Amino acid sequence: FIKRKATDEVASGFSPSGLREHLFDFQSAIVEWACKRGRAAIFADTGLGKTAMQTEWARLVAEHTYGKVLIVAPLCVAQQTVEEAARWGIAVQYCRSQLECTGNIIITNYEMLDHFDPTQFAGVVLDESSILKAHDSKTRAKIIEMFQRTPYRLSCTATPSPNDHMELGNQAEFLGVMTAVEMLAMFFVHDGGDTSQWRLKGHGKTRFWEWIATWSI
């Protein structure tokens with residue numbers, strides 16, 4: 001009975017081949033793991049090469065699905081991603097609307113999302129995905145709803161706070177692993193008056209982080 005209640009996210013991706021040589025060994029391992037999962041989070045600190053990993057993941061997903069992948073990033077890094085990817089032989093096209101999309105890997109900024117049709121993409125990458133941190137923000141709700149049927153999803157950020165459990169819940173909800181509300185019910189108890197004070201249940205202190213580790217790295 002207890003085993004049936006356990007939450008173990010099932011991988012739904014593919015085994016990639018032909019990873020580019022510009023990746024370090026640890027980056028190749030992370031990209032391969034993320035492809036096999038299908039929907040995953042890369043929580044990598046600044047300087048560890050999130051751009052290299054997310055663009056390679058996007059290339060592999062586009063080739064595997066014969067479809068398009070959308071990278072959503074802050075405006076200040078979108079063009080930088082295009083330039084860095086070109087150095088590695090990966091063509092990333094910056095677009096402000098669906099009508100401009102001619103390539104297989106598209107990048108746009110968060111403010112332009114309303115001009116895109118999510119059904120036209122086999123994969124999506126959220127760069128600087130800590131934008132999901134605002135639990136009840138319109139942007140967070142829009143992003144989660146917009147891509148809830150996208151087969152391949154990657155969330156990339158250097159700054160997920162281990163003490164901000166709601167941010168981790170929002171990441172899980174975007175990836176389709178579990179809703180933030182379900183996460184709270186399963187692993188946490190509420191301390192009372194202050195609605196932001198959620199405390200891990202006794203059994204959840206280890207199990208919660210084991211669960212996090214099934215879908216993020």
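The values are calculated or read from the model by the stated rules, or taken from the named source; none is laboratory data. Note that the coordinates shown come from a computational prediction; the quantities given were computed from them, not determined experimentally. Here the Cβ is made from the backbone with ideal geometry for all residues, glycine too, and neighbour counts use every protein chain on show. Accessible surface is based on the protein model in full, side chains and every heavy atom, while ligands, DNA and RNA are left aside. Shrake-Rupley method; radii C 1.70, N 1.55, O 1.52, S 1.80 Å.
Pairs meeting the criteria (first residue in the range 101-122 and closer than 17 Å to E56 by Cα and open to solvent by 20 Å² or more (accessible area, probe 1.4 Å), second residue hydroxyl-bearing (S, T, Y) and at pLDDT below 95, beta carbons under 7 Å, at least 6 apart or on different chains) are lacking. Quick check on I30: is it assigned to a strand (DSSP E or B) and in contact with a helix residue (DSSP H, G or I) (Cβ under 9 Å, 6 or more places away or on another chain)? Taking the combined requirement at face value, the residue does not satisfy it. Out of all the residues in the range 63-79, which are more than 10 Å from D127 (Cα to Cα) and either at pLDDT below 95 or loosely packed, with under 13 Cβ neighbours inside 10 Å (or both)? Within the range 63-79, Y66, L75, C76, Q79 meet the criteria. The residues listed here are W33, W57; of these, the one that is of a type in the set (A, V, I, L, M, F, W, C), at pLDDT 95 or above, surrounded by fewer than 18 Cβ atoms within 10 Å (Cβ to Cβ) and within 15 Å of the chain's Cα centre (by Cα) is W33. S12 meets the stated requirement of being surrounded by fewer than 18 Cβ atoms within 10 Å (Cβ to Cβ), touching a helix residue (DSSP H, G or I) at 6+ places or on another chain (Cβ under 8 Å), modelled with pLDDT under 95 and over 17 Å from D127 (Cβ atoms). Can you tell me which condition A6 does not meet? The list is (1) at pLDDT 95 or above; (2) of a type in the set (A, V, I, L, M); (3) more than 18 Å from the chain's Cα centre (by Cα), and all the others hold. For A6, the failing item is (1).
Remark: pairs (first residue in the range 42-56, free of Cβ contacts under 8 Å to residues at least 24 places away in the same chain; second residue part of a strand (DSSP E or B) and not hydrophobic (A, V, I, L, M, F, W, C); Cβ separation under 9 Å; 6+ apart in sequence or on different chains) are absent. The helices (runs of 4 or more DSSP H) located wholly in the range 101-217 that include 2 or more residues which are modelled with pLDDT of 90 or more and either of a type outside the set (A, V, I, L, M) or out of contact with any Leu (no Cβ under 9 Å at 6 or more places or on another chain) (or both) occupy 165-174, 180-187, 204-215.
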